[in-house]
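K.L.:
Dropping a structure here in structure tokens format, bear with me for questions.
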Amino acid sequence: MITAVQPEKLLKELEHVWAELGKGHPADALLRACSMTMLVATTDPKDEVDLKNTLADLMRAHPGRMIIVRIVDTPEPVLSAEVTAQCLLAFGGRQQLCCEMIEIRASRDRLADVYSASLGLTVADLPVLLWVKDIRLLNESSFQPMLKLARTVLVDSVPLGPSILPALNERRRAGWRVKDLAWTRCTAWRETLAQAFESTCLQGRIPEITKVEIAYAGANPSVSGLYLRSWLAARLPQATFEFVPCPARRNGNLQALRFHSTVQELELRAVDDATLEIVTNSLTTRVLAPARAEADLIEEELSILGNDSIYEATLSATIAPAPINQ
């Protein structure tokens, strides 16, 4: 354990870790891979195992240097770090794919020091992504220096709901590339809708849709539901939208999308946690859409190179003043 976060010492420790890992193995047995630096800011003292498992799942497609910043609440200032390497057997071979992991523990009053140290720990000339696992940190003044470390910020807005969206949009307008897992969870619904409109009798008759109902379970519509409304409204400017409560058939807030037109009705609805159902006047079709693990959602976002113009437009439209029943 290093009690002062000095980048040069941590990097030397990493070299020592690699040397120890390589002992007794052929020179090509360990593949030291790095395509990015991922910083993860977390405040949950109980997520250590789950978080490292998620990062391990990401390693195969997106190997990199993982820097976990674990923010702790203690009466005394805390700043310490340790280094490890994590290895997985590469697909179709005998090589092990290995990535570096640095875990920093810090109290909030030492985050400025963490920022300074992290500048020397990011891998030169490679992308840097900051995953703010506890989205509440975005509103904390002590955390603001950390946001300067990366121009790509990954969040999950669900815990705070719509109230955090203006802050995300401000970051976007200031030049950050914002990625929200609440939007990523819409992918199955968006893709299934696209297929439905291409293969049903509503093909070519989208302008005739007059009303869309978004059914949700819970106290209020979720961020994902609000995102879908904005995304659909940009494509159905003639339609009105209404959020309606309903019983839960699937884990999560979003339960169904109902499209009303002068010639046809279409509903995309949850059947269970693994299935969606497309219902028209004359046909019912089921499609597999299992709930996705956090690592799968993050991997989808990492696969998007550059700005996601569709999400950015959706985020901007979602925070625009508009009634829920429009």
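K.L.:
Could you go through the range 40-47 and let me know if any residue there is exposed (fewer than 14 other Cβ atoms within 10 Å of the Cβ), assigned by TED's automatic domain parsing to the domain that holds Ser107, without any contact (Cβ under 8 Å) to a residue 24 or more places away in the chain and under 23 Å from Leu130 (Cβ atoms). Don't jump to the end; show me each part of the working.
P.N.:
Going through the range 40-47, the residues exposed (fewer than 14 other Cβ atoms within 10 Å of the Cβ) turn out to be 44-46.
In the following step, the residues that additionally are assigned by TED's automatic domain parsing to the domain that holds Ser107 were identified as 44-46.
Adding the requirement that they be without any contact (Cβ under 8 Å) to a residue 24 or more places away in the chain leaves 46.
Checking the rest, the ones that are also under 23 Å from Leu130 (Cβ atoms) come to 46.
Yes.
K.L.:
Let me ask you something else. Being of a type in the set (D, E, K, R) and either closer than 23 Å to Leu21 by Cβ or more than 26 Å from the chain's Cα centre (by Cα) (or both) is the filter; apply it to the range 73-113 and report the residue that is surrounded by the most Cβ atoms within 10 Å (Cβ to Cβ). First the steps, then the outcome.
P.N.:
First, pick out the residues of the range 73-113 that are of a type in the set (D, E, K, R): 73, 76, 82, 94, 100, 103, 105, 108-110, 113.
Of the ones still in play, those that are also either closer than 23 Å to Leu21 by Cβ or more than 26 Å from the chain's Cα centre (by Cα) (or both) are 76, 82, 94, 100, 103, 109-110, 113.
Working: Glu76: 6, Glu82: 13, Arg94: 9, Glu100: 24, Glu103: 18, Asp109: 13, Arg110: 20, Asp113: 16.
Going through the qualifying residues, I end up with Glu100.
K.L.:
Follow-up. State which residue pairs qualify: first residue in the same structural domain as Leu121 (by TED's automatic domain parsing) and inside the range 3-31, second residue modelled with pLDDT under 80 and assigned to a loop (DSSP other than H, G, I, E, B) in any location, beta carbons under 8 Å apart, and separation of 6 or more residues or different chains.
P.N.:
Within 8 Å, the pairs are Gly22/Ala29; Asp28/Gln95; Ala29/Arg94; Ala29/Gln95; Leu30/Gln95; Leu31/Ala90; Leu31/Gln95.
K.L.:
Take the range 8-60 and flag every residue that is within 25 Å of Pro77 (Cα to Cα) and either touching a Ser or Thr at 6+ places or on another chain (Cβ under 8 Å) or in a loop (DSSP other than H, G, I, E, B) (or both).
P.N.:
Leu39, Thr43, Asp44, Pro45, Lys46, Asp47, Leu51, listed by residue number.
K.L.:
Please indicate, with yes or no, whether at least one residue in the range 277-298 is small (Gly, Ala, Ser) and assigned to a helix (DSSP H, G or I). Give the steps one after another, and end with the answer.
P.N.:
Applying the first criterion (small (Gly, Ala, Ser)) to the range 277-298 yields 282, 289, 291, 293, 295.
Checking the rest, the ones that are also assigned to a helix (DSSP H, G or I) come to 295.
Scanning the range 277-298 turns up at least one residue that is small (Gly, Ala, Ser) and assigned to a helix (DSSP H, G or I).
The values are calculated or read from the model by the stated rules, or taken from the named source; none is laboratory data. Model, not experiment: these values are computed from the prediction. Methodologically, a virtual Cβ is constructed for each residue, glycine included, from the backbone with ideal geometry; neighbour enumeration extends over all protein chains shown.
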